[in-house]
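The values are calculated or read from the model by the stated rules, or taken from the named source; none is laboratory data. These figures come from a predicted structure and were not determined experimentally. With ideal geometry, Cβ positions are generated from the backbone for all residues, glycine too; neighbour counts draw on all protein chains shown. For accessibility, only protein heavy atoms count, side chains too; no ligands or nucleic acids. Shrake-Rupley method; radii C 1.70, N 1.55, O 1.52, S 1.80 Å.
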Amino acid sequence: MKAIYTDADYLAAYKQRQRILTGFWAMTGVYFAVCIAMLVYHISLPYGAKQDTIPKAVTYVGTGVYFVLMFPYMSIKYGRSRRYCKMLYYISEGLKLEESNYFYVYREKALQKDHIDVVGCAFETWSKKKQEWLEREVYFDKEKPLPEIDSGDYVRYISQSNFLIQYEIIEKHAYEFSEYEEDEDEDAEESMEETAEVEPEETVAEEPQEGEEV
């Protein structure tokens, strides 16, 4: 089977998270250093000095800039990296499910799984019990190149938490989905025509008038 993720992916994600944290602590250190410097400068000034507004202004502006920058940096950038590392950990250690189905189509919409951008991979399987096609959708990491799977390929794949992590094409173009799609369209049209037919009106017998024989 072809693996979607390798050890290099885990290492790169971990290093990225560490770089983001390092940047956070560096900016936090600079902010506190500026605040301490302004405090020392404020204390060293004589009482009622006009220069007293300088440390206050620097502290107020620095605090505003720090929180304005840190909020998107940690909530978006670091939060995304942390969730991605968490997803990779579950892929490595979590329970996995192996299936074999016919691949149908990719669905590149604004999809997210556990706050991670994904592409929907729709697989079709024939239900002998219901005598119809059932859809099975798994998710593929949008940061990875799409696998070379065509519609109708019979694929064996492994998923974890509905993420596609390994796959193997057993047979290329094993099924043509256009055939059953046309049959379904014809059945749908026939059912619509049947429901659209107007039921015949019931005839109500008129009551006999007085003097008429029944």
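Some values worked out for this structure:
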read-out: Residue match in the stretch 96-109 (condition: part of a helix (DSSP H, G or I) and either open to solvent by 80 Å² or more (accessible area, probe 1.4 Å) or over 30 Å from ASP153 (Cα atoms) (or both)); value: no
read-out: Some residue of the stretch 5-27 being touching a residue at least 12 places away in the same chain (Cβ under 8 Å) and more than 30 Å from the chain's Cα centre (by Cα); value: yes
read-out: 2 or more residues modelled with pLDDT under 90 and open to solvent by 60 Å² or more (accessible area, probe 1.4 Å): qualifying strands (runs of 3 or more DSSP E) within the stretch 120-214; value: 132-141
read-out: Selection from the stretch 59-95 of residues that are more than 19 Å from the chain's Cα centre (by Cα) and charged (D, E, K, R); value: GLU93
read-out: Flag if ALA49 is out of contact with any helix residue (DSSP H, G or I) (no Cβ under 7 Å at 6 or more places or on another chain), in contact (Cβ under 8 Å) with a residue 12 or more places away in the chain, of a type in the set (Gly, Ala, Ser) and surrounded by fewer than 14 Cβ atoms within 10 Å (Cβ to Cβ); value: no
read-out: All positions within the stretch 6-37 that are open to solvent by less than 40 Å² (accessible area, probe 1.4 Å) and in contact with a Lys or Arg (Cβ under 8 Å, 6 or more places away or on another chain); value: ILE20
